[in-house]
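Participant: Here it is, the structure, as structure tokens.
What follows draws every value from the coordinates through simple rules; no lab data is involved. A quick note: this is a predicted structure, and the numbers were derived from the prediction, not measured. Methodologically, a virtual Cβ is constructed for each residue, glycine included, from the backbone with ideal geometry; neighbour enumeration extends over all protein chains shown.
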Amino acid sequence: MGEWHGPQGPFDIPDVPDCIPRRLKPWLFILFVLIVQFSGGVYLAAATDMVGSTALMQEDILMAGYASLVGMSINFCVMFRLKFRFSNRIGLLICGITLIAANFICAGTTSVPVLVVTCFVAGWMRMWATFICNSTIQLWLTPVRDMAIFFCYVYLVVDGVIQLSGIATIYTAFFSQWEYMHWIMSGLLALMMLLTLLLVRPVKGPMQIPLLGIDWIGAALWSIFMLCFTFICVYGNYYDWWEAEEITAATIIGIACLLINLWRVTFLHHPYISLQALTNRNVVRATGVYLVFFTLMATKHVFEHSYASAILGYDETNLIDLNWYVLAGIIAGCVFTYYTFALRKWRYKTMTAIGFALAAVYLGYFYLTIDYGVEKEMLFVPLFTRGFASVIISIVFLTSIVQSGLHFFVFPQALTINGFTGAVMGAAFGPAVIGELLRHTVAKNAALIGAGFTDFNADTAHIPLGQLYGMVQKQALVVSMKEIYGWLLIVALLSLVIIIVSYSNVKPFAIFPKWRTIRRLLRKEARSRLQRDNG
């Protein structure tokens with residue numbers, strides 16, 4: 001995949017004029033990255049306020065948020081082509097104006113299809129703008145293009161902004177209203193566009209590589225498959241799964257798109273996602289690890305909000321303050337991974353074992369302490385541990401894909417698969433499974449606990465029936481959460497044992513090729529496609 005890079009001259013960005021000090025140039029693009037990452041179409045932290053002021057359901061807003069993740073994931077296959085087709089200035093301006101339009105649409109529409117499509121496009125543009133900025137400063141971050149180092153920065157920014165965005169959204173809604181977050185981000189995007197016009201020159205590469213030979217039909221089919229998968233996970237419980245026509249139709253459409261794409265890869269020269277990427281050992285291994293790990297972590301979507309609000313009685317501002325604990329874990333996890341995995345080259349086996357061990361600590365802590373009287377400060381340990389573990393697994397297995405030996409044209413396809421399995425599947429599949437498990441467990445435990453109140457003795461005779469039912473449900477929720485945490489803890493410990501016993505001892509060595517090498521490969525590929533089309 002790569003070649004070694006020797007020492008280079010002082011880092012500079014030719015797109016930015018020399019009137020800006022050289023040391024400040026990279027920070028301009030980091031500012032752009034932060035603005036773009038904050039611009040998410042819909043802001044899931046404000047879902048409760050959106051449900052209260054619009055005709056949308058909680059599931060509709062979640063679907064729109066996950067559609068943004070699908071748009072970000074599906075963009076990987078063409079982001080290098082976009083990088084060498086448009087200058088940084090043009091790309092940032094296109095992304096800026098599109099994201100501003102997306103913010104206005106998401107703040108004003110109550111149509112679910114419009115909201116989902118808008119967020120999908122916004123996710124695509126977020127990924128494009130993020131790649132423009134990060135690829136521009138990559139040599140500043142790691143002159144030898146060591147992707148383990150680079151991904152520590154990427155996840156520090158991306159996962160950190162997710163937590164900060166939720167905090168900013170809730171406090172904006174608390175002091176004014178949720179729509180103001182869209183107006184604030186539109187203003188920041190306009191500032192980014194103004195700075196781009198003033199400080200970023202339209203520097204073009206030695207050759208503008210055309211957007212030829214891209215399998216746009218395949219891109220559309222993969223996008224529909226990912227959206228159908230997400231739809232089933234988000235709306236499954238609402239529609240009672242396959243008892244409803246909507247879930248059945250989404251399943252049929254999703255499977256049909258998947259099968260058509262798998263059929264097309266057998267004869268297309270350049271499918272959007274090739275069979276080589278789908279069957280690569282590191283990609284398959286990462287998918288399996290993501291499936292297990294993020295299902296274990298899915299309790300954060302299903303349990304933590306319900307526990308903190310229904311059991312501990314936290315309001316929205318107290319709930320979102322817990323994001324600071326997760327953010328501390330993300331920062332510590334990125335720093336730890338940087339010094340151990342990126343610099344000291346600890347093995348994949350070691351880092352994966354640490355990640356699952358921390359997941360076991362997270363689950364075990366809640367299993368042992370979940371109760372009615374837990375203080376807010378006591379939640380620091382599990383939330384910190386969750387953030388710590390998540391970034392370790394994400395950085396390690398994304399680096400493993402760089403080291404998978406795939407050809408450069410197949411490598412972005414593997415990133416698309418990684419984005420879908422790590423972000424979309426991790427965010428939707430696990431909560432769907434755990435949420436359904438919680439529903440059945442609460443019903444079982446409520447029946448068992450309620451059986452003790454069938455005979456209204458002196459202790460319960462004075463309690464109104466509605467209040468008594470609420471007490472039963474509350475107690476059943478706590479017992480069910482503890483039970484599921486216990487089962488997940490067993491799965492985490494078994495996974496840890498399997499990793500320790502059987503996982504490979506390969507050390508990380510993921511060096512990215514030089515940009516001129518990438519440009520030469522893309523130029524050669526474009527010429528060969530032109531010759532085939534003309535021949």
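Participant: If packing is taken as the mean number of other Cβ atoms within 10 Å per residue, what is the order of 413-426, 338-351, highest first? Intermediate values should be presented prior to the final figure.
Facilitator: Numbers: 413-426: 22.9, 338-351: 17.0.
Result, highest mean first: 413-426, 338-351.
Participant: Would you give the gap between the C-alpha center of the stretch 370-448 and the C-alpha center of the stretch 247-307, rounded to a whole Å?
Facilitator: Cα centroid of the stretch 370-448 versus Cα centroid of the stretch 247-307: 14 Å apart.
Participant: Dipole of the chain, Cα-centred, from +1 at each Lys and Arg C-beta and -1 at each Asp and Glu C-beta, to the nearest 20 debye? Mind showing how you got there, number by number?
Facilitator: Working: 35 positive and 28 negative charges, 657 e Å.
Here the size comes out at about 3160 debye.
Participant: Regarding the stretch 73-136, what's the average projected area of the Cα-atom convex hull, expressed in nm²?
Facilitator: That works out to 4.3 nm².
Participant: Could I ask something else about it? Scale the Cα Rg of the stretch 106-222 by the rule-of-thumb value 2.2 N^0.38 Å and send over the ratio, two decimals.
Facilitator: Its radius of gyration relative to the 2.2 N^0.38 Å reference: 1.34.
Participant: Follow-up question, since we're still on this one. In whole Hz and in residue order, list the ³J(HN,Hα) couplings for the stretch 404-412 that follow from phi through the Karplus curve 6.51 cos²θ - 1.76 cosθ + 1.60, θ = phi - 60°; x for Gly and Pro.
Facilitator: 6, x, 6, 4, 4, 6, 8, 4, x
Participant: Sticking with this structure for a sec: Work out the charge dipole of the chain with +1 on the Cβ of Lys and Arg and -1 on the Cβ of Asp and Glu about the Cα centre, then indicate which of Gln58, Pro10, Ala432 is farthest towards its positive end.
Facilitator: Farthest towards the positive pole: Pro10.
Participant: OK, next. For helix 88-108, report the angle its Cα long axis makes with the longest principal axis of the Cα atoms of the chain; keep it between 0 and 90° and round to the nearest 10°.
Facilitator: Value to nearest ten degrees: 30.
Participant: Between Trp487 and Ala443, what is 0.36 nm times their sequence separation minus the Cα-Cα distance? Round to one decimal in nm. Intermediate values should be presented prior to the final figure.
Facilitator: Working: separation 44, 0.36 × 44 = 15.84 nm, distance 1.74 nm.
Stretched fully, the Trp487-Ala443 segment lengthens by 14.1 nm.
Participant: Calculate for the chain the 222 nm mean residue ellipticity that helices alone would give, adding -39,500 (n - 2.57) per DSSP H run of length 4 or more and normalising by residue count, nearest 500 deg cm²/dmol.
Facilitator: So the calculated ellipticity at 222 nm is -23500 deg cm²/dmol.
Participant: Is there a quick way to get the dipole size of the stretch 18-84? I mean about its Cα centre, with the Cβ of Lys and Arg at +1 and of Asp and Glu at -1; what is the value in debye to the nearest 20? Write down the numbers at each step before the final one.
Facilitator: Details: 5 positive and 4 negative charges, 127 e Å.
Dipole magnitude for the stretch 18-84 comes out near 620 debye.
Participant: A follow-up question, please. Please compute the Kirkwood hydrodynamic radius of the stretch 167-269 from all pairs of different C-alpha atoms, in Å with one decimal. Let's see the in-between values first.
Facilitator: Details: mean 1/r = 0.0540 Å⁻¹.
For the stretch 167-269, the Kirkwood estimate is 18.5 Å.
Participant: Continuing with the same structure: Can you give the extra length, in nm with one decimal, that the chain gains between Ile214 and Ile253 once fully stretched, where that is 0.36 nm per residue apart less the Cα-Cα distance? Don't skip to the end; give the middle numbers.
Facilitator: Working: separation 39, 0.36 × 39 = 14.04 nm, distance 2.30 nm.
My answer for the length gained is 11.7 nm.
Participant: Based only on Cα atoms, what Rg/Rh ratio does the stretch 27-204 have, Rh being taken as Kirkwood's radius?
Facilitator: 0.98
Participant: Place +1 on the Cβ of every Lys and Arg and -1 on the Cβ of every Asp and Glu in the stretch 237-318, take the dipole about the Cα centre, and give the residue among Ile247, Ala277, Met297 whose Cα lies farthest towards its positive end.
Facilitator: The residue sitting farthest along the positive end of the dipole is Ala277.
Participant: I need Ser390, Ser495, Ser53 ordered by Cβ neighbour count within 10 Å, fewest first.
Facilitator: By the 10 Å Cβ count, ascending, the order reads Ser53, Ser495, Ser390.
Participant: Expressed in whole Å with the largest first, what are the equivalent ellipsoid semi-axes of the stretch 215-271 derived from the C-alpha gyration tensor as the square root of 5 times each eigenvalue?
Facilitator: Semi-axis lengths for the stretch 215-271 are 27, 10, 6 Å.
Participant: Separate question: Under a 5 Å amide H to amide H cut-off, with H placed in plane at 1.01 Å, what residues pair with Val16 once short-range neighbours are removed?
Facilitator: Hits under the 5 Å cutoff: Arg201.
Participant: Starting from 0 in steps of 5 Å, tell me what percent of the Cα-Cα pairs of the stretch 284-350 lands in each bin.
Facilitator: 4, 13, 13, 18, 19, 14, 9, 7, 3
Participant: Binning at 20 Å from 0, report for the chain what percent of all alpha-carbon pair distances ends up in each bin.
Facilitator: Distribution as computed: 20, 55, 22, 3, 0 percent.
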